[in-house]
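Beneath this line is the structure, given in structure tokens, with notes to follow.
FYI, it's all coordinate maths here, none of it is from the lab. A quick note: this is a predicted structure, and the numbers were derived from the prediction, not measured. Neighbour counts run over all protein chains shown; Cβ positions are idealised from the backbone, glycine included.
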Amino acid sequence: MIAVTAATGHLGRLTVAGLLDAGVEPGQIVAVVRSPEKAADLAERGVQVRFGDYDDPQSLGTALAGAGKLLLISGSDVGRRVQQHSAVVDAARQAGVSHIVYTSVLRPEQSPVTEHLGSEAAIVASGLPHTLLRNGWYTENYTSAITQAADSGMIIGSAGAGRVSSATRADYAAAAVAVLTGQGHQGRTYDLAGDVAWTYADLAAAAAGVLGRDVAYQDLSPEAHKAALTGAGLPAPVADFVVSADQAIAQGLLEDHSGDLARLIGRPTTPLADGLASDLKTS
């Protein structure tokens, strides 16, 4: 069986759907979720829905019973990820899971999201066969900026001329499906990113095409960027994260040309404008 944690999240749902589309029998898929009622549609399709909470080790052991492969989708609780992920890894070892696939982040040793490096270390230390999927930036991260640009005609940031090799959640989910259903991935680390690296000026041009109006990019200093974000009502910690992400972009940390993602999914990654247009239709 293949278990997928956080299966009602964006990436989890896409991965479960991808497994079904790949021909995996529904009963051989375990959707590990904190709120089973949110996975009623998956249960209706025959997927095993089991309660599992990263903060409840006992529930994790029960949720992973009988699973051979596990996709551990990283949690969102900043400051608690290593502890939570380690609990999943311990439960996986005790349940006899034979292969862990973990959604990490591109260049974790340099990323502002430092907890991924600790989570990777916990997986390696477990001794379990594993695959690390170092996901780059999601194209969908910019949907809100495009929505705002529809009114203002402006995208702000502090990334300078830095480039982002983004891809869509569907692209990253397809890579996870390829690893979970394929052979020869144990012990591998994949740097996953979109085929084309773009600047925020390119983002503005793509937004203009999607929105059908002029959109410009205004590059700010980090200080001015934070002030603009907090002035618009964003909490200071969130503003700090956004600014730190833009500084990572300015330093080239979210640009990648490995080609791993396209090779895994067997097709080009989704172009920026297409990804933005698709997410705007569904958001």
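Hey, what D do you get for the chain in µm²/s if you plug the Kirkwood alpha-carbon radius into Stokes-Einstein at 25 °C and 0.890 mPa s?
Numbers: Rh = 19.6 Å.
So the translational diffusion coefficient is about 125 µm²/s.
Taking every DSSP beta bridge that has both residues in the stretch 2-134, what percent is antiparallel when rounded to the nearest 5? Walk me through the numbers before you get to the answer.
On the way: 1 of 21 bridges.
Bridges in the stretch 2-134 are about 5 percent antiparallel.
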Original post:
Taking Cα centroids, how far is the stretch 127-147 from the stretch 182-216 in Å?
Top reply: 11 Å
Original post:
Which residue, Gly187, Gly75, Gly23, tops the fluctuation ranking in a GNM of the chain built on C-alpha contacts under 10 Å?
Top reply: Gly23
Subject >> 5 angstrom amide H check on Leu71, placed H, neighbours 5+ away >> reply: Ala3, Val4, Thr5, Val101
Original post:
What 222 nm value per residue comes from the helices of the chain, counting each DSSP H run with n ≥ 4 as -39,500 (n - 2.57) and dividing by all residues, nearest 500 deg cm²/dmol?
Top reply: -13500 deg cm²/dmol
**OP:** Could you check the simple spin-label distance between Glu25 and Gln251, using points 7 Å along Cα→Cβ, in nm with one decimal?
**Re:** 4.9 nm
**OP:** Measure nothing fancy, just the Cα-based angle from helix 272-282's long axis to the longest principal axis of the chain, in degrees from 0 to 90, nearest 10.
**Re:** 70 degrees
**OP:** For the chain, find the longest principal axis of its Cα atoms and tell me its angle to the long axis of helix 200-211, 0 to 90°, nearest 10.
**Re:** 90 degrees
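Within the P(r) computed for the stretch 69-226, what percentage of the Cα pairs occupies the region above 28 Å? Don't skip to the end; give the middle numbers.
Details: 4067 of 12403 pairs.
Summing the P(r) tail past 28 Å for the stretch 69-226 gives 33 percent.
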Subject >> Antiparallel %, DSSP beta bridges [both residues in the stretch 1-60], to 5 >> reply: 10 percent
Original post:
How far is it, in nm, from the label point at Thr230 to the one at Asp90 when both lie 7 Å from their Cα along the line to the Cβ?
Top reply: 3.8 nm
**OP:** Show which aspartates and glutamates lie in cross-link reach of Lys281 when reach means a straight Cα distance below 19 angstrom and same-chain residues fewer than eight apart are skipped.
**Re:** Glu140, Asp151, Asp171
**OP:** In whole Å, largest first, what are the principal axis extents of the Cα atoms in the stretch 2-134?
**Re:** 41, 27, 25
Original post:
How many nm is it between the label spots at Ser244 and Val78, if each spot is 7 Å from the Cα in line with the beta carbon?
Top reply: 0.6 nm
Subject >> Cβ-placed point charges (K, R +1; D, E -1), dipole of the chain about Cα centre in debye, nearest 20 >> reply: 560 debye
